[in-house]
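K.L.:
Quick one: the structure is below, and I'll ask about it shortly.
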Amino acid sequence: MKSPLEKTLMNKKIILLSAALLLAGAAIGYLVAPKGASETGEQSTEQAGKGEPLFYRNAMNPSVTSPVPAKDNMGMDYIPVYADDSQNNDVAGTVKIDPVVVQNIGVRTAKAVTGNLSRTIRAVGKIDYNEEKMARIHPKTEGWIEKLFVDKTGETVKEDTILLEVYSPKLVSTQQEYLLALSNQKTLRRSEFPDVSNGAKNLVKTTYERLQLLDVPEHQIKELEKTKKVKKNLHIHTPVAGTIVRIGAREGQFVTPNTELYMIADLSEVWVYADIYEYEIPWVKLGDKVEMELAGIPGRIFTGKISYIYPYAEAKTRTIKARVVFDNPDLILRPEMFAEMTIHSEEQKDAVIVPAEAVVRSGTRNQVFVVRDGGKFEPKDIILGLESDGKVIVLSGVNAGDTVVTSAQFLIDSESKLREATQKMLEVAPGETPNMEPGMKMDNTIPANEHIHGADDDK
């Protein structure tokens, strides 16, 4: 049980709290009522200055209109459209926004500038042989390999190095024919008949050329002429310097012209194939500088240039190969090694550049919003060029010095679409509603799926 004193104190607290609440409510009413009245008065004054509305449009779907005030299915009032709304020279879709609203929605801008734009492309590459410095050696006639002088893959050989000795009956018989031709030439050289001496001379020439065509080395032909002795085994020399990549025959093996005896590659210069994605190909040009790094050779950067871009894409990876040439004097770049490549593309000079985030990409067209005087934002269709590092080249539609919106442009774009649709609806013949066929007069009807809520319905 509470004492009479406690009850008295509690009643006083309740009375004081009630008084405080009444004072707070009065203060809020005092502050709000004048503001609301002022806004209502301003709105009424503004609407009165515009005259009677031409029609009312759905706030969510501008193509739905009504000649009388209405509400949509969500209970939102239709927006009145006045004749003054069309009496301006602004581009269709231009939006005018109060500076306070601009700040509240976080609109940021940037200037379109004239400058240079480049791109650094990173790709994966694979080292391969220089196809222009490879040799595949085949015998020109059938025979048997008597001896291999170079019998290990990976060996480095100089040009004209002896690779092997081969015995070929055809080569033996050709040597015999050559010796016979030399003997006949010596005998018939002083013949009284010019045809006979010339015939002997031509026979020597023909037989000599046959030995050359069979790859008989010059030093063995000279030795044959000097010693007049037929050699059983003839040498096969390498026509190029390089590294032995593959050996296709061994001692004692019967070989034919179809047999590949050796494959030799000059590794002093290698090709590296870089895989470039389709969207990066416009940046890649012949002669672009390329830097290469390898996990197997840490801390070293190799420099080369793009020598060829292949005219087709790889079916599986959807990439295009670019061939890069690298010098390899110390032979540390080995075929089949993988590499990380950095391609420094050529700069696009004196281009109009805007931030990539300023572009509103709708699929069918690209737009930016250009800031105009009086708090207006004008939509501009643009044609885009190359893009790099958050910047994009504008080929047409924007000039250097224009200020474009880079943030909250999608909110502006939504309002712009509504304004554009409204302006198009205003461009109709007098007496026609925007959503009627030409020639039909306004008859105070709205679409069947919309219900008009008058003042009586709200009661």
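K.L.:
Go through the stretch 247-290 residue by residue and tally those that are surrounded by 15 or more Cβ atoms within 10 Å (Cβ to Cβ), out of contact with any helix residue (DSSP H, G or I) (no Cβ under 8 Å at 6 or more places or on another chain) and in a strand (DSSP E or B).
P.N.:
12
K.L.:
I've got another one for you. Every residue in the stretch 348-385 that is modelled with pLDDT under 85 and under 17 Å from the mean Cα position of the chain (by Cα), please.
P.N.:
Selection gives Gln348 alone.
K.L.:
Right, something else. Looking only at the stretch 224-239, count how many residues are closer than 21 Å to Thr141 by Cα and either assigned to a helix (DSSP H, G or I) or open to solvent by less than 50 Å² (accessible area, probe 1.4 Å) (or both).
P.N.:
Qualifying residue count for the region: 7.
K.L.:
Anything in the stretch 182-215 that is within 30 Å of His237 (Cα to Cα), open to solvent by 60 Å² or more (accessible area, probe 1.4 Å) and touching a helix residue (DSSP H, G or I) at 6+ places or on another chain (Cβ under 7 Å)? List them, or say none.
P.N.:
Passing the criteria: Lys201, Leu203, Arg210.
K.L.:
Hey, another quick one. Just checking, does the stretch 147-154 include any residue being among the charged types (D, E, K, R), outside any loop (DSSP other than H, G, I, E, B) and farther than 30 Å from Phe338 by Cβ?
P.N.:
Yes, the conditions are met somewhere in the stretch 147-154.
K.L.:
Please indicate, with yes or no, whether at least one residue in the stretch 166-175 is assigned to a helix (DSSP H, G or I) and either open to solvent by 50 Å² or more (accessible area, probe 1.4 Å) or among the aromatic types (Phe, Trp, Tyr) (or both).
P.N.:
Looking only at the stretch 166-175, we keep the residues that are assigned to a helix (DSSP H, G or I), and these are 169-175.
Applying the additional criterion that residues be either open to solvent by 50 Å² or more (accessible area, probe 1.4 Å) or among the aromatic types (Phe, Trp, Tyr) (or both) yields 169-170.
Checking the stretch 166-175: at least one residue is assigned to a helix (DSSP H, G or I) and either open to solvent by 50 Å² or more (accessible area, probe 1.4 Å) or among the aromatic types (Phe, Trp, Tyr) (or both).
K.L.:
Of the conditions (1) open to solvent by 30 Å² or more (accessible area, probe 1.4 Å); (2) modelled with pLDDT under 75; (3) part of a loop (DSSP other than H, G, I, E, B), Glu420 clears all except one; give me its number.
P.N.:
Only one criterion is unmet by Glu420, namely (3).
K.L.:
Look at the stretch 359-386 and say how many of its residues are part of a loop (DSSP other than H, G, I, E, B), open to solvent by 50 Å² or more (accessible area, probe 1.4 Å) and within 17 Å of Gly401 (Cα to Cα).
P.N.:
1
K.L.:
Please identify the pairs in which a residue from the stretch 373-385 that is in contact (Cβ under 8 Å) with a residue 24 or more places away in the chain has its Cβ atom under 7 Å from the Cβ atom of a residue that is acidic (Asp, Glu) and surrounded by 13 or more Cβ atoms within 10 Å (Cβ to Cβ), counting only partners at least 6 apart or on another chain.
P.N.:
Lys376/Asp90
K.L.:
Kindly list the number of the only condition in (1) modelled with pLDDT under 85; (2) among the aromatic types (Phe, Trp, Tyr); (3) in contact with an Asp or Glu (Cβ under 8 Å, 6 or more places away or on another chain) that fails for Phe410.
P.N.:
(3)
K.L.:
Checking Leu163 against (1) surrounded by 13 or more Cβ atoms within 10 Å (Cβ to Cβ); (2) touching a Lys or Arg at 6+ places or on another chain (Cβ under 7 Å), only one condition comes out false. Which one?
P.N.:
Looking at each condition in turn, Leu163 falls short on (2).
K.L.:
Something else: Condition first: open to solvent by less than 80 Å² (accessible area, probe 1.4 Å), under 30 Å from Ile244 (Cβ atoms) and not in a loop (DSSP other than H, G, I, E, B). Now tell me which residues in the stretch 323-355 satisfy that.
P.N.:
Result: Arg323, Val324, Val325, Phe326, Ala339, Met341.
K.L.:
Can I ask one more? For residues in the stretch 387-417 being assigned to a loop (DSSP other than H, G, I, E, B) and farther than 14 Å from Val102 by Cα, which is least open to solvent (accessible area, probe 1.4 Å)? Break it down stepwise before answering.
P.N.:
From the stretch 387-417, those assigned to a loop (DSSP other than H, G, I, E, B) are 389-390, 397-402, 408; that's our starting set.
Filter again for farther than 14 Å from Val102 by Cα, leaving 389-390, 397-402.
Working: Asp389: 139, Gly390: 47, Gly397: 32, Val398: 8, Asn399: 106, Ala400: 54, Gly401: 42, Asp402: 31 Å².
Result: Val398.
K.L.:
Could you tell me whether the stretch 307-318 includes any residue that is buried (at least 17 other Cβ atoms within 10 Å of the Cβ), closer than 15 Å to Asp275 by Cα and modelled with pLDDT of 90 or more?
P.N.:
no
K.L.:
In addition: Do any strands (runs of 3 or more DSSP E) lying entirely in the stretch 66-145 carry at least 3 residues that are in contact with a helix residue (DSSP H, G or I) (Cβ under 9 Å, 6 or more places away or on another chain), open to solvent by 50 Å² or more (accessible area, probe 1.4 Å) and at pLDDT below 90, and which ones are they?
P.N.:
none
K.L.:
Kindly establish whether Glu225 is closer than 19 Å to Tyr178 by Cα and free of Cβ contacts under 8 Å to residues at least 40 places away in the same chain.
P.N.:
Against the criterion (closer than 19 Å to Tyr178 by Cα and free of Cβ contacts under 8 Å to residues at least 40 places away in the same chain), Glu225 does not qualify.
The values are calculated or read from the model by the stated rules, or taken from the named source; none is laboratory data. Computed from a predicted model, the values in this text were never measured in an experiment. So basically every Cβ, Gly included, is an ideal-geometry build from the backbone, and we count neighbours across all protein chains shown. Keep in mind that these areas ignore ligands, DNA and RNA; they rest on the heavy atoms of the full protein, side chains included. Shrake-Rupley method; radii C 1.70, N 1.55, O 1.52, S 1.80 Å.
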